[in-house]
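S.K.: I am attaching a structure below and will ask some questions about it afterwards.
The values are calculated or read from the model by the stated rules, or taken from the named source; none is laboratory data. As the structure is a prediction and not an experimental result, all values here were calculated from the model. Cβ placement follows ideal geometry from the backbone for every residue including glycine, while neighbour counts extend to all protein chains displayed.
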């Protein structure tokens, strides 16, 4: 099934009918192609264009120096849209340089519940092999590596032929099977260092032919969706530590620009990241600031940016009964664009008609907050969240595990500019949060 | 030809058997839930928190009723087997779908284990990017509230794309209505006959066991009574209800007692014993009032309205339904509200107030749809057909009846189906399409007999007489009217009786048997005066005046 773009699913843009509001407010679709007309540059309101910075670093990197970037962001912050934008920009000829971008979505190659380096490298090889521009199958280094991968797979009892052109893409698909993935890893584990070295040679060869043939300056590999891997214990450590801290840094030696996504919860542990990666730069796609760090005053830049964001999709005069309703939805989202879209869609679906007013938004916020009630009830970390709200900082009393969980689950959100944190407005509406507020000391008894 | 008005037919108030009322706050969000399903041709994740049991069964029933209707795409139901992961199943199903479709997934709760995500949940977390590519409709996950919290906690990427979430709770029941969903074996959609067999076996088993409490036995007897009633075994139902009633009384269980008395009222109503029905409902009403059982009170008032309606006491019927409507609205009982509005439509139709009747039926229709009550929906559409038929708008009437037949068949409502077929026969007869009319009436006849609806059978027989009358086959017509007459007398349907006698008078007149004709018309006039129906009274009086003038 080829899914239609958002703009193709509605009768007109901006939307003026209630029934199309949920469709155009589908925050699950990264903007690309015809949907690009919905794109609004939120970089100012996010505290700077971190993706443009990545682009500049890659574009301006001295020849022979290869950038490695780790990109993260909260669920629904617009990571995929931003990565698509990065890919698009890198392919443009600017300052006389353009790049070929290989988008490597691990979902399409591996069983994402249990990924480690050996199968990641094999799947990456398969993705490069299948790229229609790179012409990898014709390269000697590729044939050598391909035979090696096929031999390992065959030794596991996987039925593959000897025609590399057919079997390498097949291998890329077979590794989606969790059991095969695990067995392949066991087989290939001892050779991974050597394979990474050979991959380096292959990438050099690819670049040489690409530059000569296509006039493209270099290649960039974007590995997407690694951040969705869920944290779990593996032999006394977490799988995050195993892959992101111990294994992935080995890819830094590859002579290619790489951008990889990683879990937002790891971003809070910058010390660990810096120690693990020699050169990689970790950035986060932050939320749009909708309030000031101290106090609860609105951030006018963020509010205006998100009004424009909504206005690109919705006829604001038709859909909202007034400016108050719009701003209330924006404040309730905490600057998370997906949540903002969900709040608006939810209010319209609940009411069944437009325009929606402040009361409709308030009801939608309450319903969305109710989803979080069971998640938050009884969490020992709750009292500490009030410190986050008051100070904008993560207090030391929140341990590393809780910090990761809070960020991963959008209970605490991070803003850029000066880095600061807030409790998500939806979480702040829960009874669990409200009732965990520190009690004020009783007033001292009056003295005569 | 005499025009047989739909009001001469009997229509039992019918509901989806065993429908479980949901909590008012849940009912209030049903429209939003339907919109979340209907609006859009794209993937959307809908999380439904419904604990296993009646609430989950009910929401599944409603989703089945909504599937493929009113802009909601066809919904394919997936029940995960033990240890089965959801992603593979959803993927395989999605690839096999054609056209706009959605998936309803049940069984995810088995993957709730501790604080960490199991591999099955991890897969889901990654799956969300693939879903919009493969599923052009909603994915409705029905699971426990704890599982939803778990998803939000350990699979945030997946849960964060949810477009809609709803918590389903069953209403606190104050009147037990046995339902298949609540059955002790968990068997759903059980046919009444199978239910009777199972409950009978259960009862026999109880008889063999020692120390079975009388309360336990009373409950089974009561449920068996209901099942027998659904199987059209009024006698058996009555016997079981009375046994249960005795046991409940002995145990001092007032609610059980009220439920049994209500059940006996239902049995009497179906047996056309309106006096007894009224007495039972009034008695049950007092008990429910004592217990402050709102649903019981509202059900009794509605049934008293139906008793009044059957007795052509339109004013009392209207007042009863208005009273019940107000109670249902206050209690957030959407199904009750729908039934009351529909009944008010029936009252208006009986009074030939077509505008009010149409407004009522059209008002009840979306409420029935909202709660997935297909039978109620079918009855409303049928009511709209009746209005069109009374206004001689045969095209609209035919379309309505044909639409209603499909819905009645969908829920296995033989009586509803028979009524619609009868109406289609009347339309054919009005167009002098005798063959079609006869075929329709003959099609309806075994359906009425199958459900033990004597009045329906009588009307059908009379209609076959009408066809014969139009074809000048007086002998055949007379035989049918005689048969119909016996049946109408058996159920105390005076108007039906009058109609038959008037037709027999017409036959006698056509055969120049003036004496017999006079006697028949006079008898019919007496009966019409008894029920106070002015239109036929005027018609018969005219015929009699003409006959008497000729005599002079």
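S.K.: Out of the stretch B:156-168, which residues are at pLDDT 85 or above and either surrounded by fewer than 24 Cβ atoms within 10 Å (Cβ to Cβ) or more than 12 Å from chain A (Cβ to nearest Cβ) (or both)?
M.R.: B:161, B:162, B:165, B:166, B:167, B:168
S.K.: A further question follows. Inside the stretch B:42-137, counting only strands (runs of 3 or more DSSP E) that do not spill past its ends, which hold 1 or more residues that are within 14 Å of chain A (Cβ to nearest Cβ) and under 21 Å from residue A:29 (Cα atoms)?
M.R.: By residue number, B:44-49, B:101-106.
S.K.: Output the number of residues of the stretch A:40-54 satisfying the condition of being surrounded by fewer than 22 Cβ atoms within 10 Å (Cβ to Cβ) and either touching a helix residue (DSSP H, G or I) at 6+ places or on another chain (Cβ under 7 Å) or in a helix (DSSP H, G or I) (or both).
M.R.: The total comes to 7.
S.K.: A further question follows. From the list A:132, A:137, pick out the single residue that is modelled with pLDDT of 85 or more and part of a helix (DSSP H, G or I).
M.R.: One residue alone meets the criteria, A:137.
S.K.: Same structure, new question: Quick test of your reading of the structure: residue A:30 fulfils all but one of (1) surrounded by 18 or more Cβ atoms within 10 Å (Cβ to Cβ); (2) within 14 Å of chain B (Cβ to nearest Cβ); (3) under 30 Å from residue A:250 (Cβ atoms). Name the failing condition by number.
M.R.: (1)
S.K.: Under 9 Å between Cβ atoms, which residue pairs at least 6 apart in sequence (or on different chains) link something in the stretch B:438-467 that is at positive phi with a partner that is part of a helix (DSSP H, G or I)?
M.R.: Hits for this filter: B:452/B:234; B:452/B:270.
S.K.: So for the stretch B:198-210 (the condition being part of a helix (DSSP H, G or I) and in contact (Cβ under 8 Å) with a residue 24 or more places away in the chain), does at least one residue qualify?
M.R.: Checked the stretch B:198-210: at least one residue is part of a helix (DSSP H, G or I) and in contact (Cβ under 8 Å) with a residue 24 or more places away in the chain.
S.K.: While we're on this one: Looking only at the stretch A:364-382, which residues are surrounded by fewer than 21 Cβ atoms within 10 Å (Cβ to Cβ), more than 10 Å from every other protein chain (Cβ to nearest Cβ) and either assigned to a helix (DSSP H, G or I) or in contact with a strand residue (DSSP E or B) (Cβ under 9 Å, 6 or more places away or on another chain) (or both)?
M.R.: Scanning the stretch A:364-382 gives A:366, A:382.
S.K.: For the structure I just gave you, tell me whether residue A:261 is over 18 Å from the mean Cα position of the chain (by Cα) and either under 17 Å from residue A:400 (Cα atoms) or within 14 Å of chain B (Cβ to nearest Cβ) (or both).
M.R.: no
S.K.: Right, here's the next one. Just to verify a result, which residue in the stretch A:410-437, among those that are part of a loop (DSSP other than H, G, I, E, B) and out of contact with any helix residue (DSSP H, G or I) (no Cβ under 7 Å at 6 or more places or on another chain), is nearest to the other protein chains (Cβ to nearest Cβ)?
M.R.: A:424
S.K.: Here's something else I'd like to know. Please state which one of A:207, A:237 is closer than 20 Å to residue A:92 by Cα, surrounded by fewer than 22 Cβ atoms within 10 Å (Cβ to Cβ) and over 22 Å from the mean Cα position of the chain (by Cα).
M.R.: Numbers: A:237 fails: closer than 20 Å to residue A:92 by Cα.
Going through A:207, A:237 in turn, the sole match is A:207.
S.K.: Here is a follow-up. Of the residues in the stretch B:470-502, how many are assigned to a helix (DSSP H, G or I), in contact (Cβ under 8 Å) with a residue 60 or more places away in the chain and crowded, with 22+ Cβ neighbours inside 10 Å?
M.R.: Total satisfying the criteria: 3.
S.K.: Please go through the stretch A:85-110 and pick out each residue that is assigned to a helix (DSSP H, G or I), within 14 Å of chain B (Cβ to nearest Cβ) and buried (at least 21 other Cβ atoms within 10 Å of the Cβ).
M.R.: Hit for the stretch A:85-110 is A:106, nothing else.
S.K.: Please pick out the residue among A:74, A:36 that is closer than 21 Å to residue A:303 by Cα and either surrounded by fewer than 17 Cβ atoms within 10 Å (Cβ to Cβ) or within 14 Å of chain B (Cβ to nearest Cβ) (or both).
M.R.: Just one listed residue meets the conditions, A:74.
S.K.: Scan the stretch B:275-297 for residues that are outside any loop (DSSP other than H, G, I, E, B) and touching a residue at least 40 places away in the same chain (Cβ under 8 Å) and report the count. Show your work before the answer.
M.R.: If we filter the stretch B:275-297 for residues that are outside any loop (DSSP other than H, G, I, E, B), which is where we start, we get B:275-291, B:294-297.
In the following step, the residues that additionally are touching a residue at least 40 places away in the same chain (Cβ under 8 Å) were identified as B:288, B:291, B:294-296.
Number satisfying all stated conditions: 5.
S.K.: I would also like to ask the following. Quick check on the stretch A:396-409. Is at least one of its residues at pLDDT below 90, in a loop (DSSP other than H, G, I, E, B), within 10 Å of chain B (Cβ to nearest Cβ) and farther than 22 Å from residue A:42 by Cβ?
M.R.: yes
S.K.: Do you know which residues across the stretch A:202-233 are touching a strand residue (DSSP E or B) at 6+ places or on another chain (Cβ under 6 Å) and either over 21 Å from residue A:103 (Cβ atoms) or in a loop (DSSP other than H, G, I, E, B) (or both)?
M.R.: Within the stretch A:202-233, A:216, A:217, A:225, A:231 meet the criteria.
S.K.: On the given criteria, is residue B:538 free of Cβ contacts under 8 Å to residues at least 24 places away in the same chain and either touching a strand residue (DSSP E or B) at 6+ places or on another chain (Cβ under 8 Å) or in a helix (DSSP H, G or I) (or both)?
M.R.: yes
S.K.: While we're here: Where in the stretch B:387-457 are there helices (runs of 4 or more DSSP H), lying wholly inside it, with at least 2 residues that are closer than 26 Å to residue B:67 by Cβ? Talk me through it step by step, then tell me what you get.
M.R.: Working: elements: B:394-410, B:414-430, B:434-450.
So the answer is B:394-410, B:414-430.
S.K.: Does residue B:148 satisfy the condition of being in contact with a helix residue (DSSP H, G or I) (Cβ under 9 Å, 6 or more places away or on another chain), assigned to a helix (DSSP H, G or I), over 26 Å from residue A:108 (Cβ atoms) and facing another protein chain (nearest Cβ under 8 Å)?
M.R.: Details: in contact with a helix residue (DSSP H, G or I) (Cβ under 9 Å, 6 or more places away or on another chain): yes; assigned to a helix (DSSP H, G or I): yes; over 26 Å from residue A:108 (Cβ atoms): yes; facing another protein chain (nearest Cβ under 8 Å): yes.
It is true that residue B:148 is in contact with a helix residue (DSSP H, G or I) (Cβ under 9 Å, 6 or more places away or on another chain), assigned to a helix (DSSP H, G or I), over 26 Å from residue A:108 (Cβ atoms) and facing another protein chain (nearest Cβ under 8 Å).
S.K.: Shifting gears a bit: Kindly list the number of the only condition in (1) over 23 Å from residue A:290 (Cβ atoms); (2) without any contact (Cβ under 8 Å) to a residue 12 or more places away in the chain; (3) in contact with a helix residue (DSSP H, G or I) (Cβ under 7 Å, 6 or more places away or on another chain) that fails for residue A:395.
M.R.: Against the list (1) over 23 Å from residue A:290 (Cβ atoms); (2) without any contact (Cβ under 8 Å) to a residue 12 or more places away in the chain; (3) in contact with a helix residue (DSSP H, G or I) (Cβ under 7 Å, 6 or more places away or on another chain), residue A:395 comes up short only on (1).
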